[in-house]
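The values are calculated or read from the model by the stated rules, or taken from the named source; none is laboratory data. Here the structure is a predicted model, which is why all the values come from computation and not from measurement. Cβ: placed from backbone, ideal geometry, glycine included. Neighbour counts: every protein chain shown. Side chains included, ligands, DNA and RNA excluded: accessible areas come from the protein's heavy atoms. Shrake-Rupley method; radii C 1.70, N 1.55, O 1.52, S 1.80 Å.
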Amino acid sequence: MVIIMLGAPGTGKGTVSAILKEKLEIAHVSSGDIFRKYSSEDSELGREINSYLQQGKLVPDELTIKMIKERLNEKDVEKGVILDGFPRTEAQAVALDKMLSETGKKVDLVVDLDSPKQEILDRIVTRRICQDCKAVYNTKLNKPKVEGICDKCGGKLYQRDDDTIEKVETRIEVYKKETKPLEEYYNKKGNLFEIEVTEKTGTMAKEAAEKVISKINSEL
Ligand code: AMP
C-alpha cells in the first residue's frame, strides 16, 4: 500500500504518519527527515541541501526524486509506505507514478490535511522534535513527560531551524504555489481524501489517523 500525506507545514503530516505507521505496520518515509540528515553533514551536498532548508525553499526536483527513488528501493518499503512530504511538485508526482509502475504498484490513497493558518503558526512555533527517533511533540498540545526529553527513546528535543514565523510564512507560500496544485492532480485520479485538522472540531492528529484507517478498511 502506498499512502501520500499532502498538506501545508504544521498540518500534522508527520504526527499522523507516525500513528499510521504503527497501526498499518508499514514504512514511514519523510523527505524532510532525509534532507535534515544530509543537511547536518559537512559535505558539498549537505551544504547545498541546507541552503534550501534554511530558506524554506524546495530542494530541486532532480535531486529530490533521486534520493526518494533510492529510499524506495530499500527492503522495509516493500510491504507498503507512507510518503510524508513527497511529492511536493507535479514533476515529483509524475516521477513517483513512473517509479511505482515499474514495480507494479500505484498510489492507493492521498491524505490531504488542512488547518486554519493561525493554528498552523501556533503549532509550528511550539513544535519540538526528538533528535534521535524524530518523534514530534508540542510544548502546548502534546508535552513530553519530562521537559526537553523524548518519552519514547529519551533523546533530546530540539526546535527545527525553519520552524520560525518568518520561515513558515515562506514555506506556506511555497506550498500554495508548488504543492497545492497536486490536490487537483490526485483528485482527477480519484484518490484524494481531505481532512480538516482543527481544534475547532477536535479533529487533531489522532482523530485524523482514525479517519484514514476507517477509509482504508471500508474502501481499499
Ligand atoms: P518538511 O519536514 O516536510 O517540512 O520539509 C522540510 C524541508 O525539506 C522543506 O522546507 C524543503 O526545503 C525540503 N523538502 C522536503 N520534502 C521535499 C520535497 N518533496 N521536495 C523538495 N524539497 C523538500
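May I ask you to verify whether LEU6 is more than 8 Å from the ligand (Cβ to nearest atom) and part of a helix (DSSP H, G or I)? The answer is no for LEU6. Every condition in (1) more than 14 Å from the ligand (Cβ to nearest atom); (2) surrounded by 17 or more Cβ atoms within 10 Å (Cβ to Cβ) is met by GLU102 except one, and the failing one is (2). Those residues that are part of a helix (DSSP H, G or I) and touching a helix residue (DSSP H, G or I) at 6+ places or on another chain (Cβ under 8 Å), I need them from the range 77-99; list them, please. Hits for the range 77-99 are VAL77, GLU90, ALA91, GLN92, ALA93, ALA95, LEU96, MET99. ASP33 meets the conditions (1) in contact (Cβ under 8 Å) with a residue 60 or more places away in the chain; (2) open to solvent by 30 Å² or more (accessible area, probe 1.4 Å); (3) not in a helix (DSSP H, G or I) in every case but one. The failed one is (3).
What are the residues in the range 39-54 that are of a type in the set (A, V, I, L, M) and either assigned to a loop (DSSP other than H, G, I, E, B) or more than 7 Å from the ligand (Cβ to nearest atom) (or both), if any? Steps first, answer last, please.
Start the filter on the range 39-54 by keeping residues that are of a type in the set (A, V, I, L, M), which leaves 45, 49, 53.
Result: LEU45, ILE49.
For SER51, state whether it is in contact with a helix residue (DSSP H, G or I) (Cβ under 7 Å, 6 or more places away or on another chain), among the hydroxyl-bearing types (Ser, Thr, Tyr) and under 24 Å from GLU169 (Cα atoms).
Details: in contact with a helix residue (DSSP H, G or I) (Cβ under 7 Å, 6 or more places away or on another chain): no; among the hydroxyl-bearing types (Ser, Thr, Tyr): yes; under 24 Å from GLU169 (Cα atoms): yes.
Spelling it out, it is not the case that SER51 is in contact with a helix residue (DSSP H, G or I) (Cβ under 7 Å, 6 or more places away or on another chain), among the hydroxyl-bearing types (Ser, Thr, Tyr) and under 24 Å from GLU169 (Cα atoms).
I'm trying to understand the selection: among the residues of the range 76-87, which are surrounded by fewer than 20 Cβ atoms within 10 Å (Cβ to Cβ) and either at pLDDT 95 or above or aliphatic (A, V, I, L, M) (or both)? Spell out how you get there, then give the answer.
Looking only at the range 76-87, we keep the residues that are surrounded by fewer than 20 Cβ atoms within 10 Å (Cβ to Cβ), and these are 76-80.
ASP76, VAL77, GLY80, listed by residue number.
Restricting attention to the range 22-33, does a residue exist that is more than 10 Å from the ligand (Cβ to nearest atom) and either among the aromatic types (Phe, Trp, Tyr) or within 12 Å of the chain's Cα centre (by Cα) (or both)? Scanning the range 22-33 turns up at least one residue that is more than 10 Å from the ligand (Cβ to nearest atom) and either among the aromatic types (Phe, Trp, Tyr) or within 12 Å of the chain's Cα centre (by Cα) (or both). At least 3 residues being open to solvent by 80 Å² or more (accessible area, probe 1.4 Å) and at pLDDT 95 or above is the threshold, and among the strands (runs of 3 or more DSSP E) wholly inside the range 109-220 not one reaches it.
The residues in the range 55-76 that are near the ligand (Cβ under 7 Å from one of its atoms) and assigned to a loop (DSSP other than H, G, I, E, B) can be counted, and the count is 4.
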